[in-house]
Amino acid sequence: MPNVNAMPSKENVRAQQAPCNQQLNIYITAEERERIEQVAREEMRTVSATIRMLSLRGLSQYKADTLIAD
């Protein structure tokens with residue numbers, strides 16, 4: 001019998017997220033790529049998932065900063 005109190009695995013959490021179906025190509029420096037790859041390794045994510053996470057966090061921060069400035 002499964003443990004219903006257990007935390008969901010990363011695979012289950014990822015499966016519940018909205019499907020990503022839009023591609024975005026960007027240019028970054030080699031140093032930026034290495035920094036992103038380091039975060040990806042630490043977070044055990046793909047580089048694509050890491051870039052998406054960082055972008056979403058950045059957008060949230062940008063929105064918060066913009067509201068403060070208004």
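The values are calculated or read from the model by the stated rules, or taken from the named source; none is laboratory data. Nothing here was measured: the structure is a model prediction, and the numbers come from that model. Ideal geometry is used to build each Cβ from the backbone, glycine not excepted, and the neighbour counts take in all protein chains shown.
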Practice task
Report, by residue number, each residue of region 21-61 that is in a helix (DSSP H, G or I) and exposed (fewer than 10 other Cβ atoms within 10 Å of the Cβ).
Solution key: 30, 31, 42
Handout entry: Positions within region 55-70 being at pLDDT 85 or above and not acidic (Asp, Glu), in sequence order
Key = 55, 56, 57, 58, 59, 60, 61, 62, 63, 64, 66
